[in-house]
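The values are calculated or read from the model by the stated rules, or taken from the named source; none is laboratory data. As the structure is a computational prediction, the values presented were derived from the model and not from experiment. Counting neighbours? That spans all protein chains shown, and the Cβs are built from the backbone with ideal geometry, glycine included. Surface accessibility is based on the protein's heavy atoms, side chains included, excluding ligands, DNA and RNA. Shrake-Rupley method; radii C 1.70, N 1.55, O 1.52, S 1.80 Å.
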Amino acid sequence: MSKVIVVTSGKGGVGKTTTSASFGTGLAQRGHKTVVIDFDVGLRNLDLIMGCERRVVYDFVNVINNESNLHQTLIKDKRVENLYVLPASQTRDKEALTREGVERVLNELRQSFEYIVCDSPAGIERGALMALYFADEALIVTNPEVSSVRDSDRILGILASRSRRAEQGDEPVKEHLVLARYAPDRANRGDMLSVDDVVEILGIPLLGVIPESQSVLQASNAGVPVILDEQSDAGVAYNDLIDRYLGENRPHRFLTVEKKGFFRRLFRN
Amino acid sequence: MGLLDYFRSTRRGTAAVAKERLQIIVAHERGGRRHSPDYLPALKKDLLDVVRKYVPISQNQVKVHLDRREDYEVLELNITLTDEDQAGHK
Ligand SMILES: Nc1ncnc2c1ncn2[C@@H]1O[C@H](COP(=O)(O)OP(=O)(O)OP(=O)(O)O)[C@@H](O)[C@H]1O
Ligand SMILES: [Mg+2]
């Protein structure tokens, strides 16, 4: 059975695309055939983060309009087996994604993929609603900051009322919290919401904490999902997150400030 | 003394204030929405039974949706008929 997983947040710039790229890559690395879909119509970016921008020929909207087929459109990752990208269209037509079209493409992808990861645009408008509508599960990417937490809560409300599962009275969309850009030292000082604060407010299970890390910017500069930088703290955190998602027992790391020497030796920050 | 100095001078960081404010606003905005009313699935089933007395339809042709606005609620019922049982829409 394949799973459709939306990566969403409400608020912009919190790490959805970073998380989608690493989540998809991590699942594929562990042998699961995975496709990551960029739902950000007009603002295609996933291709850059995954380093396949120069190989985009057709896009999601072409497939919906039957101007290309999936075989022609999906980009096969060069580094990781089992990994594919479906790029967003750069059209300015916000109506380009129709519910029927998206459903048809997802059904076709379900035939051959185990995991279908949907990278949602920011906001709670059409694009974001479309990305979450067909979801079986959701990664709620949140930063430890008031507006991000509030927006995440709104998205949870939308998942519970306007997803297909909600509308059809099926089992609700399974929710996972991904707390990104976490700075343990600031949280410990009381200057930043802590993991426990955010979990308590949102009330959904914590899948992973991704530390604020320079390695994320470096990875995006290079077009390599940060999970492939196994030396970096963010890379380690995303790898743990995948294992946890797949049912392994992995204690959360990066919640406290590590001893400097040890930390430096293990990870390039 | 500015607001930030105030927080720095106490041992309580600004995060505690953030948490408190969030708890209040989130509780307000939820207004019970998280627990969409329990009667929706039952209502949907009853509707299905009634409509089926007249037209054969399947489960996913009935959509029930409750929207909470500021101070009122909208219960939206949407029954789509397939072409064969043409009688139009809604
Ligand atoms: N853990 C992290 N540490 C440091 N920087 C990060 C981290 N996660 C994301 N960023 C940075 O934050 C910015 C936004 O990240 P990203 O594009 O993944 O967010 P997004 O939620 O997809 O944004 P949008 O809403 O615009 O689609 C990028 O510059 C990225 O490098
Ligand atoms: Mg993005």
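One residue stands out among those in region A:176-197 that are within 9 Å of chain B (Cβ to nearest Cβ) and assigned to a helix (DSSP H, G or I): the one that is modelled with the highest pLDDT, which is A:Asp197. Go through the residues of region A:209-220 one by one and say whether even a single one is in a strand (DSSP E or B), out of contact with any Pro (no Cβ under 6 Å at 6 or more places or on another chain), within 11 Å of ligand 1 (Cβ to nearest atom) and closer than 26 Å to A:Glu114 by Cβ. Checked region A:209-220: at least one residue is in a strand (DSSP E or B), out of contact with any Pro (no Cβ under 6 Å at 6 or more places or on another chain), within 11 Å of ligand 1 (Cβ to nearest atom) and closer than 26 Å to A:Glu114 by Cβ. Filtering region A:1-12 to residues that are under 12 Å from the mean Cα position of the chain (by Cα) and within 16 Å of ligand 2 (Cβ to nearest atom) leaves A:Ile5, A:Val6, A:Val7, A:Thr8, A:Ser9. Would a scan of region A:60-75 turn up a residue that is within 16 Å of ligand 2 (Cβ to nearest atom), buried (at least 20 other Cβ atoms within 10 Å of the Cβ) and at pLDDT 95 or above? Among the residues of region A:60-75, at least one is within 16 Å of ligand 2 (Cβ to nearest atom), buried (at least 20 other Cβ atoms within 10 Å of the Cβ) and at pLDDT 95 or above, which makes the answer yes. Of the residues A:Val216, A:Val199, A:Val224, the single one that is open to solvent by 10 Å² or more (accessible area, probe 1.4 Å) and without any contact (Cβ under 8 Å) to a residue 40 or more places away in the chain is A:Val199. Within region A:3-23, the residues that satisfy the criterion of being open to solvent by 10 Å² or more (accessible area, probe 1.4 Å) and among the hydroxyl-bearing types (Ser, Thr, Tyr) are A:Thr17, A:Thr18. Beta carbons closer than 7 Å, at least 6 apart along the sequence or on distinct chains, pair a first residue in region A:136-156 that is among the basic types (Lys, Arg) with a second that is assigned to a loop (DSSP other than H, G, I, E, B) for A:Arg154/A:Gly10; A:Arg154/A:Ile124. Within region A:154-205, the set of residues being away from ligand 2 (no atom under 16 Å from the Cβ) and within 17 Å of the chain's Cα centre (by Cα) comprises A:Leu156, A:Leu159, A:Val173, A:Lys174, A:Glu175, A:His176, A:Leu177, A:Leu179, A:Tyr182, A:Ile204, A:Pro205.
Scan region A:112-122 for residues that are more than 11 Å from ligand 2 (Cβ to nearest atom) and closer than 21 Å to A:Thr91 by Cα and the total you get is 1.
The condition (being away from ligand 2 (no atom under 12 Å from the Cβ), within 21 Å of A:Gly127 (Cβ to Cβ) and touching a residue at least 24 places away in the same chain (Cβ under 8 Å)) is satisfied by just one residue among A:Phe23, A:Phe39: A:Phe23.
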